[in-house]
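The values are calculated or read from the model by the stated rules, or taken from the named source; none is laboratory data. From a predicted model like this one, the values you see are computed outputs, not experimental measurements. Here the Cβ positions follow ideal geometry from the backbone for every residue, glycine too, while neighbour counts run over all protein chains shown.
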Amino acid sequence: MSDTHAIPEEPHGPDLTELRAEIDELASQSTEELVSPAPKIVEENEPTPAPTDPVGSEDWDDTEPA
């Protein structure tokens with residue numbers, strides 16, 4: 001078995017600073033962004049949706065000209 005007394009409560013060292021920064025960066029992102037990230041070029045070129053008329057609001061004239 002391993003000796004748990006040898007493991008410090010707060011590990012520290014020069015190599016952990018970089019790892020902690022990466023963990024903090026990943027923790028700040030949403031799960032959706034981590035699972036399915038969108039490339040930056042796609043986000044930049046994403047079109048702005050235009051408003052449309054509600055369904056059924058169109059006035060169709062069914063009469064034919066004589």
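Answer yes or no as to whether E33 is under 13 Å from the mean Cα position of the chain (by Cα) and of a type in the set (D, E).
Answer is yes for this residue.
So in region 12-59, with the set limited to residues that are surrounded by 10 or more Cβ atoms within 10 Å (Cβ to Cβ) and in a loop (DSSP other than H, G, I, E, B), which one is modelled with the lowest pLDDT?
Taking the candidates together, the pick is A38.
Every residue in region 36-66 that is charged (D, E, K, R) and within 19 Å of the chain's Cα centre (by Cα), please. Please lay out each step first, then the result.
Applying the first criterion (charged (D, E, K, R)) to region 36-66 yields 40, 43-44, 46, 53, 58-59, 61-62, 64.
K40, E43, E44, E46 - these are the residues of region 36-66 that are charged (D, E, K, R) and within 19 Å of the chain's Cα centre (by Cα).
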